[in-house]
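Here is the structure we will look at.
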């Protein structure tokens, strides 16, 4: 068995070790048998990849807490990105309508503000590999969460969840753009930390 295990989906009814609620639907951490309810699992694993009990083994949550009502689309255009002059560009669009927070979010039952985000990858073999990984992470609800925007200070809105994207074609790393020769490796490392390989 690898040193990164998944959480089995529905492990029954019992007491959550974190919040002590009883009769809640539990998920069991396979690395050490630690029991945690879905709400606490969503909150804990939104910002931490270690088991809250043994702290030694990385645990991958089957699903994150990204809002369920969302869509990811991409297209390819022929214009190159700085540093990738021989390749076109993959343009990724993420769509999140406004909604109501669920149990795993910071303020369950309260409205949240949706968003639309655009990101860019080079249309080369490594860029297409990263696109596949991003799609896997999106489908596991790991790329976004609900929180406070670092740029605007707005609360209860859809925000990035620690997987960096290039949201500008140009400007280099300080402007979230290209050229950035190390970006594709870094983003694969960030995705691997969330169990996406």
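Rule-based calculations on the coordinates, nothing more; no lab input. In this text, all values refer to a predicted model and were calculated from it rather than measured experimentally. Here the Cβ is made from the backbone with ideal geometry for all residues, glycine too, and neighbour counts use every protein chain on show.
Structural remarks
- The share of alpha-carbon pairs in region 115-158 lying farther apart than 11 Å comes to 72%.
- Sorted by Cβ density within 10 Å, fewest first, the residues 91, 159: 91, 159
- Considering only region 71-193, percent of DSSP beta bridges that pair antiparallel, nearest 5: 95 percent
- For region 40-152, the percent of C-alpha pairs falling in each 5 Å distance bin, counted from 0 to the bin holding the largest distance, reads 2, 10, 17, 18, 17, 14, 11, 7, 3, 1.
- Per-residue Cβ neighbour counts within 10 Å put 19, 37 in the sequence 19, 37, beginning with the fewest.
- Going from the residue with the fewest nearby Cβ atoms within 10 Å to the one with the most, 38, 104, 135 rank 135, 38, 104.
- Measuring r between the beta carbons of residue 170 and residue 78 and using R0 = 22 Å, the FRET efficiency lands at 0.85.
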